[in-house]
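The values are calculated or read from the model by the stated rules, or taken from the named source; none is laboratory data. Quick caveat: nothing in here was measured; it's all calculated off a predicted structure. When we count neighbours, we look across all protein chains shown, and the Cβ atoms used for this are built from the backbone with ideal geometry, even at glycine.
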Amino acid sequence: MTEAQEKSPDWAQAWIDEQRERLENSLREGSVPSGDRDLGALFSRLGADWLSSYELLARASFPKSTVPLGWAREQEREWRDLASAQAEYRRLEAQIVAKLLAVHARALDRLQQAVRERTEQGRPFEEFRELYDLWIECGEEIYAEVARSEEYCRLQAALGNASIELRARQQKVLERGLKYFDLPTRSELNSVHRELRALRERLAELEVRLPRQAPSANNTTRATRARASQQASKRTSKRASK
Amino acid sequence: MTSQPFQDAMRDWLLRLEEGARALSQVGEPVVGCTSKEEIYREDKVVLYRYLATPGPDSRARMRTPLVICYALVNRPYMMDLQPDRSLIRGLLARGVDVYLIDWGYPDGADRYLEVKDYVLRYLPHCADAAAAHARSTAVNLLGVCQGGTLSLCFAAAHPKRVRNLITMVTPVDFRTPDNLLTKWSDGIDIDALVDTIGNVPGEMLNAVFLALMPYRLLSQKYIAILDGPRDRAALENFLRMEKWIFDSPDHPGEMYRQFMRWFVKENRLVEGDLEIAGRSIRLSDVKMPVLNIYAERDHLVPPAASRALARLVGTQDYTEYGFPGGHIGIYVSAAAQREVPGRIAGWLAAREPRGGRAAPRGARG
């Protein structure tokens, strides 16, 4: 034991030993990727590490006041947002489930009342199906009342918005993962599709101006389109000259 | 019913349902669409078809003005021609109408930036022109179905001379009628966030909303009824065909959905008179051609009041309204619909066909 070790308090020494052990573990064979490792295995390991580390972050309870700091602060922010979006979605989902359970309960009350009235009128059920159909009627009746109420409409919309928010947060986290593996993301595809739409529009405009082409076996539709466009142009010019 | 008889009744019922499930499992994947058709025009994923009448005594002289059916984007248009005895298209062909149909296809991610203007001012006019050119006519008759009717109204208002007669079927015009539950539900939804997040709106998502309108009936009773109902193959096949159609729902292009929900549903611009598409003002008062507005009296998706609002908004002097005693789906597939609807449409069109508008029987033209 060195002089420095002797003078350290126990807790400090314990911490230092722990760090030493961690360091040794991380330097053991297989812990650090080497050039001759299987490339697929390397990617799998990276993916697994990525997922597990962010899963841990997602599961952790983040004090809202704490600002994420450091190298992974952006990722941490995304995972926090995802965690809170999920919590909000679950909260609203529980509320709507409670509302729907209440609808079921009220439907059963109404069914009970309908059955009693039927019995009093001397009209017993001949088949189970009759009871079932009556239950459906009662259910729809109660549900229609609830579904039209302002409170339910607000709650359903809030749940819908919460599910959109949750989905958006999931996408953000996934996009980061896809970029990590150099895979195309939805955002990149959106850019391409936006440009594609603009190109389609320009192409359609240009086709209207093209001179008529002789139809061939393999461009009948194009020829039809050209004819249709020409006819449209003629009609437009006729209208203009009137 | 005491406890034992109740249990017996329940057991018997469950056995019947089991038998029903066995019978249903014997029926294969349903075949939809029954009438021969030819492709006339194609642009991106949009295809215009012309339907071919079966040669026979029904092949009477046809009307010269072609009828273009503009279906909604929400479901597939084969509902118009589901099976031989449930086909509005067959009914029209048999009455001498020259039928064309626009199939919007299945939009995918590459279509998410398509807008209302692409449908109203590009695809629809191109299809109408292609049909007119093919039929050697100077204009078309246009039949818009549900959301397709709303788009058709916009097209007809923008290009009144290209539409000789306009028919709207179960078409929402006023989206803010008090009985419109779909509108009420959508009011609190952040449509921008929805489209920004998911892009194209999945057909499954829209179906889930439609099912939520009557969950007890549509998620349970409907299936119990088929399992506990007649065992004949035709009835089971009919059920499966409908089932396929209901859930064969294309995704809705994202930007189109955003604009449709904002302009038509939330802001009710068709009624308010402040709709603009690609800088062009769209006023229903510019719809001056004859209009036949067909609505379903028991429509739970498009309340009659939402359709009938058209009467006070269109500019035409020749407006006819027909309330079909049925629902949003029954108007195409019920036995009553087969008897009533094609005849109403064909009769109304024939009365407005230009003099000498009847052409030679089908087949005489190359």
Seminar exercise, completed: When restricted to B:D179, B:D192, the only residue of a type in the set (D, E), surrounded by fewer than 20 Cβ atoms within 10 Å (Cβ to Cβ) and not in a loop (DSSP other than H, G, I, E, B) is B:D192
For this session: Just name the residue that is surrounded by the fewest Cβ atoms within 10 Å (Cβ to Cβ) out of those in segment B:3-44 that are within 11 Å of chain A (Cβ to nearest Cβ) and outside any helix (DSSP H, G or I).
Result: B:E38
Seminar exercise, completed: Checked pairs for segment A:22-33, first loosely packed, with under 10 Cβ neighbours inside 10 Å, second among the hydrophobic types (A, V, I, L, M, F, W, C) and modelled with pLDDT under 55, C-beta under 8 Å and 6 or more apart or across chains, list as A:S26/A:V32
Exercise. A:R200: closer than 27 Å to A:Q86 by Cα, at pLDDT below 95, surrounded by 15 or more Cβ atoms within 10 Å (Cβ to Cβ) and among the charged types (D, E, K, R), yes or no?
Worked result: no
Problem set entry | Odd one out for B:L142 among (1) within 18 Å of the chain's Cα centre (by Cα); (2) crowded, with 19+ Cβ neighbours inside 10 Å; (3) more than 17 Å from B:L349 (Cα to Cα) | (3)
Seminar exercise, completed: Listed by first then second residue, the pairs whose first member lies in segment A:89-105 and is without any contact (Cβ under 8 Å) to a residue 60 or more places away in the chain and under 14 Å from A:Q156 (Cα atoms), whose partner is among the hydroxyl-bearing types (S, T, Y) and surrounded by 12 or more Cβ atoms within 10 Å (Cβ to Cβ), with beta carbons under 8 Å and at least 6 positions apart or on separate chains, are A:K99/A:Y152
Problem set entry | Wholly enclosed helices (runs of 4 or more DSSP H) of segment B:260-366 bearing at least 1 residues more than 16 Å from the chain's Cα centre (by Cα) and at pLDDT 95 or above | B:269-272, B:304-308, B:310-313, B:335-352
Problem set entry | Answer residue from segment B:114-138, given it is crowded, with 22+ Cβ neighbours inside 10 Å and part of a loop (DSSP other than H, G, I, E, B) and is nearest to the other protein chains (Cβ to nearest Cβ) among those | B:L114
Seminar exercise, completed: The residue from A:N190, A:N161 that alone is within 12 Å of chain B (Cβ to nearest Cβ) and either modelled with pLDDT of 95 or more or more than 30 Å from B:D187 (Cβ to Cβ) (or both) is A:N161
For this session: Check off (1) touching a His at 6+ places or on another chain (Cβ under 9 Å); (2) of a type outside the set (V, I, T); (3) facing chain A (nearest Cβ under 10 Å) for B:A193 and give me the number that stays unchecked.
Result: (1)
Exercise. Any idea which of (1) among the hydroxyl-bearing types (S, T, Y); (2) in contact (Cβ under 8 Å) with a residue 60 or more places away in the chain; (3) farther than 19 Å from B:V74 by Cβ is the one B:T183 doesn't satisfy?
Worked result: (3)
Exercise. Is there a residue in segment B:261-270 that is of a type in the set (K, R) and in contact with a strand residue (DSSP E or B) (Cβ under 6 Å, 6 or more places away or on another chain)?
Worked result: yes
Problem set entry | Verdict on B:G188 being of a type in the set (G, A, S) and within 16 Å of the chain's Cα centre (by Cα) | no
For this session: Please state which one of B:L219, B:L240 is surrounded by fewer than 21 Cβ atoms within 10 Å (Cβ to Cβ) and within 11 Å of chain A (Cβ to nearest Cβ).
Result: B:L219
Seminar exercise, completed: For A:P63, the lone unmet condition from (1) under 30 Å from A:A158 (Cα atoms); (2) surrounded by 11 or more Cβ atoms within 10 Å (Cβ to Cβ); (3) modelled with pLDDT under 80 is (2)
Exercise. Restricting the search to segment A:105-132, which residues are closer than 21 Å to B:W13 by Cβ, outside any loop (DSSP other than H, G, I, E, B) and touching a helix residue (DSSP H, G or I) at 6+ places or on another chain (Cβ under 7 Å)?
Worked result: A:A107, A:L111, A:A114, A:F128, A:R129, A:Y132
For this session: Return yes or no: is B:R164 within 14 Å of another protein chain (Cβ to nearest Cβ) and among the charged types (D, E, K, R)?
Result: yes
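Table: residues versus (1) in contact (Cβ under 8 Å) with a residue 24 or more places away in the chain; (2) among the charged types (D, E, K, R); (3) farther than 30 Å from B:G229 by Cα.
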{"residue": "B:G33", "(1), (2), (3)": "yes, no, no"}
{"residue": "B:E38", "(1), (2), (3)": "no, yes, yes"}
{"residue": "B:Y51", "(1), (2), (3)": "yes, no, yes"}
{"residue": "B:V74", "(1), (2), (3)": "yes, no, no"}
Exercise. For segment B:105-125, what are the residues that are among the aromatic types (F, W, Y) and touching a helix residue (DSSP H, G or I) at 6+ places or on another chain (Cβ under 8 Å)?
Worked result: B:Y113, B:Y119
